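The values are calculated or read from the model by the stated rules, or taken from the named source; none is laboratory data. Computed from a predicted structure; not experimentally measured. We place every Cβ from the backbone using ideal geometry, glycine too, and count neighbours over all the protein chains shown.
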Amino acid sequence: MTSDHSIANMEGLQAAITNGETQRVKELLGDQALDKLQKKYLIELAELNGSHEIADVLKNTPAH
């Protein structure tokens, strides 16, 4: 994955989390692993937005 694709994917994840789009988050994550710092940030973003279902999806996503 190129860094441009990674940045676009991260922006897409942030937007989907902010909009409460659980299915979109799952699609964007696919089978990829997140960086530990990214994962922590995205979980916090989901929790701040009251998206507990999305937070659970992110918690179950592998990290490296």
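For region 40-64, the set of residues classified as farther than 15 Å from THR18 by Cα and in contact (Cβ under 8 Å) with a residue 24 or more places away in the chain consists of THR61, PRO62, ALA63, HIS64, listed by residue number.
Kindly evaluate THR22 against the criterion of being in contact with an Asp or Glu (Cβ under 8 Å, 6 or more places away or on another chain), of a type outside the set (A, V, I, L, M) and at pLDDT 95 or above. Show your work before the answer.
Numbers: in contact with an Asp or Glu (Cβ under 8 Å, 6 or more places away or on another chain): yes; of a type outside the set (A, V, I, L, M): yes; at pLDDT 95 or above: yes.
Answer is yes for this residue.
Can you name the helices (runs of 4 or more DSSP H) wholly within the chain that have at least 3 residues being over 11 Å from the mean Cα position of the chain (by Cα)?
In the chain, 3-18, 36-48 are the helices (runs of 4 or more DSSP H) which contain 3 or more residues that are over 11 Å from the mean Cα position of the chain (by Cα).
In a residue-by-residue description of region 15-37, the property of being of a type in the set (S, T, N, Q), surrounded by fewer than 16 Cβ atoms within 10 Å (Cβ to Cβ) and without any contact (Cβ under 8 Å) to a residue 12 or more places away in the chain applies to at least one position.
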